[in-house]
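Chemist: The structure follows.
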């Protein structure tokens, strides 16, 4: 599921220690017990992507059956990675509360700040841009798989 891949990638980016390679494409089934034993275009692409990610400043790469779409997915995910990496702890507090279903007013009450301050944290943290780019990245990953 491409949207889940985007979620996992951004969680890994936030941790800040991973080289992230994404392979988009079909896999041979049934899946084996070990990823090392797995086969199919997605796994081959993922291995190439991990190698490429280690050479990129963003530490993120996408390889897939449709190279142009994989490149586009990589570009959008790299932009999202910058958003996530540069977000302040205060912005993360606001984002976390709002993403968990709280309104900005509820988040403000919990944080002990004004609703406007929550809105400012979300704006500075580029939360709306992230929300807009996530489905775009997922669609491009799906296209990259062919």
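Chemist: Would you pick out the residues in the stretch 15-35 that are loosely packed, with under 13 Cβ neighbours inside 10 Å and farther than 20 Å from residue 145 by Cα?
Modeler: Across the stretch 15-35, the qualifying residues are 15, 16, 17, 32, 33, 34.
Chemist: Does the stretch 31-44 contain at least one residue that is within 18 Å of residue 15 (Cα to Cα) and under 20 Å from the mean Cα position of the chain (by Cα)? Before the answer, list the steps.
Modeler: First pass over the stretch 31-44, keeping only residues within 18 Å of residue 15 (Cα to Cα): none.
Checked against the condition, which is being within 18 Å of residue 15 (Cα to Cα) and under 20 Å from the mean Cα position of the chain (by Cα), the stretch 31-44 yields no hits at all.
Chemist: Taking the conditions exactly as written (touching a residue at least 24 places away in the same chain (Cβ under 8 Å) and either within 26 Å of residue 121 (Cα to Cα) or in a helix (DSSP H, G or I) (or both)), does residue 17 satisfy them or not?
Modeler: The answer is no for residue 17.
Chemist: Limited to the stretch 21-41, what total is found for residues that are at pLDDT 85 or above and out of contact with any helix residue (DSSP H, G or I) (no Cβ under 6 Å at 6 or more places or on another chain)? Even if it seems obvious, please write down each step before you answer.
Modeler: Within the stretch 21-41, the subset at pLDDT 85 or above is 21-25.
Checking which are out of contact with any helix residue (DSSP H, G or I) (no Cβ under 6 Å at 6 or more places or on another chain) leaves us with none.
Looking only at that region, the number is 0.
Condition check ((1) exposed (fewer than 15 other Cβ atoms within 10 Å of the Cβ); (2) out of contact with any strand residue (DSSP E or B) (no Cβ under 8 Å at 6 or more places or on another chain); (3) within 21 Å of residue 79 (Cβ to Cβ)) across all residues:
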| residue | (1), (2), (3) |
| --- | --- |
| 102 | no, yes, no |
| 106 | no, yes, no |
| 112 | yes, yes, no |
| 118 | no, yes, no |
| 123 | yes, yes, yes |
| 126 | no, yes, yes |
| 130 | no, yes, yes |
| 135 | yes, yes, yes |
| 145 | no, no, yes |
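The values are calculated or read from the model by the stated rules, or taken from the named source; none is laboratory data. The model shown is predicted, which means the values in this text are computed figures rather than measured ones. Ideal geometry is used to build each Cβ from the backbone, glycine not excepted, and the neighbour counts take in all protein chains shown.
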